[in-house]
1. If the cut-off is a Cα-Cα distance under 28 Å, which lysines reach LYS262, setting aside same-chain residues fewer than 8 apart in sequence?
2. Check TYR322: other-chain or 5+ apart residues with amide H under 5 Å from its amide H, H built from backbone geometry?
3. May I ask for the angle, rounded to the nearest 10°, between helix 303-312 and the longest principal axis of the chain, with both axes built from Cα atoms and the value confined to 0 to 90°?
4. Between 0 and 90 degrees, rounded to the nearest ten: what's the tilt of helix 34-44 against the longest Cα principal axis of the chain?
5. Tally the DSSP beta bridges in the chain and give the antiparallel ones as a percent, rounded to 5.
6. Any chance you could run the full-extension gain for ASP289 through ASP198? It's 0.36 nm times the residue separation minus the Cα-Cα distance, nm to one decimal.
7. Nearest 500 deg cm²/dmol is fine: what mean residue ellipticity at 222 nm does the chain get from its DSSP H runs of n ≥ 4 alone, each adding -39,500 (n - 2.57), divided by its residue count?
8. Provide the per-residue ³J(HN,Hα) series for segment 54-64, in order, calculated from phi with Karplus coefficients 6.51, -1.76, 1.60 and θ = phi - 60°, each as a whole number of Hz, with x at glycine and proline positions.
Amino acid sequence: MARLIILGNGFDRNYKLPTDYKNNLRPILERTDSELFSKLDKLYFNGNIEYWSDFERKIGDVEDVQFLHDGLEEELTGLYMEDVSYYFPSDERYGDDFSAIENAKYAAENNRIDFKKRFIDTHLNDFDDFNCFIEEGFRLMAEEANAEAKNKSQTLQKDFNFYSDDYYLTFNYTSTLEILYPHIKPDHICHIHGSVQDDSDLVYGNINDNLYSGSSDFITENPNHDPDEGKDAELSNYREYIETVTYSEKELDEYNSFVIEKIEELNESMVKPIQEGILSEFLKQVNVDEVFIYGLSIGEVDIPYLEKINVLFPKSKWIISYFRSGSDPVYQNSGKLSFSDKINLLESNDFKKYFK
């Protein structure tokens, strides 16, 4: 029989390593690409720094769509203010209003904004880059934490007397466990979401139930447009000019639907895949009778793994650490587990006594 020890970001934070989403990941992303960060921040966090503390639940849950239309109204205002340049009396074409209006229509058609194309040119490449951008941010954060752990490895107090024959499931991208506890057998450690140490893909994200695309309701009206104007034959040509720079309700609906469609595609790419096959392969070599969890908030993205472990080892004993009595999300989140009646919650210092 063996112990399975599950570690979350709180394990790294216990050693004061720079792996905090709000205070470390966010600044890394901002300095890596300030423009891309700004767009990501507006879309999912609406500039609220505190939301970054709950990064994985927020990514894919849209806060602001309307900023994606910024600049359109200003351009349209300029378009709507343009008017027909009629010929002066000194011009030989004076009085040829038909030609003047036709020229205005031609110019208006060339200046007319294709909303979908503008969105593609302005935003879609950024949408495609978001995932690589975020993963690179996680990678840089983990690498900085690894470097700090190595520098401090000789002076850091090892709070846990981990056994070499225990098994370790870590949700962290860092190598803190390997750096501070080098006696642990490498094949007894599973980085379920990847690790910068082996240059594997890093797994992050939300769950489908938390995805929210928001709503796009960009509306524009041409103040010069009058549906009743132009019934007289002499005004009909001018009316055609006005309609050239007027956008129909159908066009606006199609544009708004297109924006939401692209956001939904982006959100779907932010879903964290459950690595159940990797977990099962790792645990097939062991018979677990005790499961310890330290530094894991037991968020919605973590629960499927814990449920799977309980199915594999139904008689196992569960001990989970928390940091703040009552207010720690572990209290509420652990209650969502189907086997919550088997769990023993311990304050962090009491939890550590198991590993003295």
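1. Candidates past the 8-residue exclusion: LYS22, LYS39, LYS42, LYS58, LYS116, LYS117, LYS250, LYS272.
2. Those lying under 5 Å, H to H, from TYR322 are LEU346, GLU347, SER348.
3. So the inclination is approximately 40 degrees.
4. Roughly 80 degrees, rounded to the nearest 10.
5. 0 percent
6. 29.8 nm
7. Helices in the chain give a 222 nm mean residue ellipticity of -12500 deg cm²/dmol.
8. 10, 3, 5, 7, 8, 5, x, 10, 5, 9, 9
Read-outs throughout are calculated quantities, based only on the coordinates presented, and are distinct from any laboratory measurement. These numbers come from a predicted model, not from an experiment. FYI the Cβ positions are ideal-geometry reconstructions off the backbone, even for glycines, and counts take in every protein chain you see.
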